[in-house]
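For reference, the structure discussed in these notes is given below.
Computed from the coordinates by the stated procedures, all read-outs in this text should not be read as laboratory data. As the structure is a computational prediction, the values presented were derived from the model and not from experiment. Neighbour counts run over all protein chains shown; Cβ positions are idealised from the backbone, glycine included.
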Amino acid sequence: MHTDLLMSVKELILPALCIGILLLAAVILSENRCAIDWKLIAIGLTITVVIAFLVLKFPPTRAVFSALGGCVDRLLEFSLDGATFLLGPELVKGRYIFAVRIFAAITFISSLTSLAYYLGFMEKLIRLLAGFLVKTMKLSAPEALSCAAAVFVGQVECQLLIKPYLVRLSSSELFTSITASMATISGSALISYAALGMNPEWLIAASIMSVPVGIIVAKIMVPETDSRVTEGRVDLHVHQDSSGVFDAIAEGALAGARIAMNVLVVVLVAIAIMALANWIISIPMHRLGCNLKLQDMLGYLLTPLAFLMGVPWHEAFHVARLMATEILMNEYVSYGELAGVIHGQGSYSLTPKTQLIATVALCGFANLGSVAINIGGLSAMAPERRREIARISLKAMVGANLASWITAAICGIIY
């Protein structure tokens, strides 16, 4: 009994220490430590803890998220029905299952998202969440809209919603918008990760929880010191060119197909580049008598962090290596490996708690490829701020990872 008590205390203290260390890292990277709004930080952490408790411990809310996860699984089945009709069951369930499932899932969900925008449902949902962020975390309307939309659409698409404001956003607002969008995932990405075999219930919770944490990390690293663009009122209207329901579905499907193809190409290139980089470093490594890869090296550095999140020491390196892979390559590669482990097809095993922590820690677009995506996409929308966007995007990636890891540590406490 005494041993169990010590283990329980340890499981609480280590993740709490992890959160403190990660927040300290954000403070060290802050551009103006004296301007940090600690009340905002406390509010953001409280919101995240409440969400984590509702998802992991409160039965009625758990049932809601479980139902949402079931809906995601059903949508995946519908998308595969279309893929099976086109390609046949052998190809859908065969060696090309990754490409087929990802392409089908993203294309189908994109069409449904376009339909939701056409019917006005998506605008109402984003406006509701943005209004909550304005009232609780005192964000300006444009950054609240961007952060709220990041839960549903991609990291560049959510900035399109505030395109008219991008030129006039303060440095803190711009940095917050980019960081929050990289700390969470879009609806289509969530569906595609679930298609790999990830738990959709955990993905939904992680994506929502990472928004307030992404905001507080951003506000620590780049505190608000300039006058606000807009405060209070949340106004959102997405221009629709669709001539009807079926046109909206078709446009969404075509846009989704382009996104899906981009994802597959990026994954292909990321894996190929990493293979090339690992081959290059293998030459001196062989002479030293070891066979370490880049993700192994970064994984060893991140192992203590994974342990502090609440992962048992004998599993910490595996989670740290997944975190390193997500940063160096992308989350698709990491989730592909983790999904295999969860379903008993990996070269190692992880406990359910570790699976949850790893799922949350990887849940975001915080990788080197996303830095390039943000620089290219946002610079096209606001060319006047191209230099600033290029300067802060890498820092935003760091902040987004800190946010995802803090959220994972909170889950380590609540689990």
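For the pair Arg387/Asp81, report the inter-label distance in nm, with labels modelled 7 Å from Cα in the Cβ direction.
For Arg387 paired with Asp81, the spin-label model returns 5.6 nm.
Could you rank the peptides 269-280, 162-173 by their average count of other C-beta atoms within 10 Å per residue, with the highest value first? If you can, show how the numbers build up before the last one.
Numbers: 269-280: 13.3, 162-173: 18.5.
Ranking, from highest mean packing down: 162-173, 269-280.
Round to the nearest 0.05 the FRET efficiency obtained for Ile271 and Gln345 when R0 = 25 Å and r is the Cβ-Cβ distance. List each step's numbers first, then the result.
Values: r = 18 Å, r/R0 = 0.74.
Efficiency, rounded to the nearest 0.05: 0.85.
Ranked from highest to lowest mean number of other Cβ atoms within 10 Å per residue, what is the order of the peptides 25-38, 358-371? Before the final figure, lay out the partial values.
Numbers: 25-38: 14.0, 358-371: 25.9.
Top to bottom by mean Cβ count within 10 Å: 358-371, 25-38.
Using a cut-off of 17 Å between alpha-carbon atoms, which lysines can reach Lys57, once sequence neighbours fewer than 8 places away in the same chain are excluded?
Lys353
Quick one: check the C-alpha center-to-center distance for the range 276-310 versus the range 144-179, whole angstrom.
35
Calculate one ³J(HN,Hα) per residue across the range 30-47 by plugging θ = phi - 60° into the Karplus curve 6.51 cos²θ - 1.76 cosθ + 1.60, and present them in order as whole Hz with x for glycine and proline.
With coefficients 6.51, -1.76 and 1.60, one gets 5, 7, 7, 5, 5, 9, 5, 8, 6, 5, 4, 4, 5, 5, x, 5, 4, 4 Hz.
Which whole-number percent is the relative contact order of the chain (Cα, under 8 Å, 6+ apart)? Mind dumping the intermediate values first?
Working: 645 pairs, mean separation 104.5, N = 415.
Answer for the chain is 25 percent.
Can you give the net charge of the other residues whose Cβ lies under 14 Å from the Cβ of Ile51, counting K and R as +1 and D and E as -1?
On the way: positive: Lys57, Arg62; negative: Glu201.
Neighbour charge sum, excluding Ile51 itself: +1.
Sorted by average packing, counted as other Cβ atoms within 10 angstrom per residue and highest first, what order do 105-112, 332-339, 213-220 take? Mind showing how you got there, number by number?
On the way: 105-112: 25.2, 332-339: 22.6, 213-220: 30.4.
Packing proxy ranking, top to bottom: 213-220, 105-112, 332-339.
Hey, what do the phi angles of the range 51-66 turn into as Karplus ³J(HN,Hα) couplings, whole Hz, using 6.51/-1.76/1.60 and θ = phi - 60°, x for Gly and Pro?
4, 4, 5, 5, 6, 9, 10, 8, x, x, 6, 4, 5, 5, 5, 5
Rank Leu264, Leu292, Leu139 by mean-square fluctuation in a GNM of the chain with C-alpha springs under 10 angstrom and give only the top-ranked residue.
Its mean-square fluctuation being the largest, the pick is Leu292.
Straight-line reach only, C-alpha to C-alpha below 21 angstrom: list the lysines that Lys395 could link to, leaving out same-chain residues fewer than 8 apart.
Lys219
Given R₀ = 30 Å, FRET efficiency for Tyr300-Lys57 by Cβ-Cβ distance, to 0.05?
On the way: r = 33 Å, r/R0 = 1.12.
It comes to 0.35.
Between Ser282 and Ala257, what length in nm is gained on full extension when 0.36 nm per residue of separation is reduced by their alpha carbon distance? The partial results should precede the final answer.
Working: separation 25, 0.36 × 25 = 9.00 nm, distance 3.71 nm.
Length gained between Ser282 and Ala257: 5.3 nm.
Among Leu119, Leu12, Leu394, determine the one that fluctuates most according to a GNM of the chain built with springs between C-alpha atoms less than 10 Å apart.
Judging by the Gaussian network model, the answer is Leu119.
Step through the residues of the range 262-270 one at a time and calculate ³J(HN,Hα) from phi using the Karplus curve (6.51 cos²θ - 1.76 cosθ + 1.60, θ = phi - 60°), rounding each to whole Hz and writing x for Gly and Pro.
These are the phi-based 3J(HN,Hα) values: 4, 4, 4, 5, 5, 4, 4, 5, 4 Hz.
When the chain is modelled as a GNM with alpha-carbon springs shorter than 10 Å, which of Ala180, Ala382, Ala195 fluctuates the most?
Ala382
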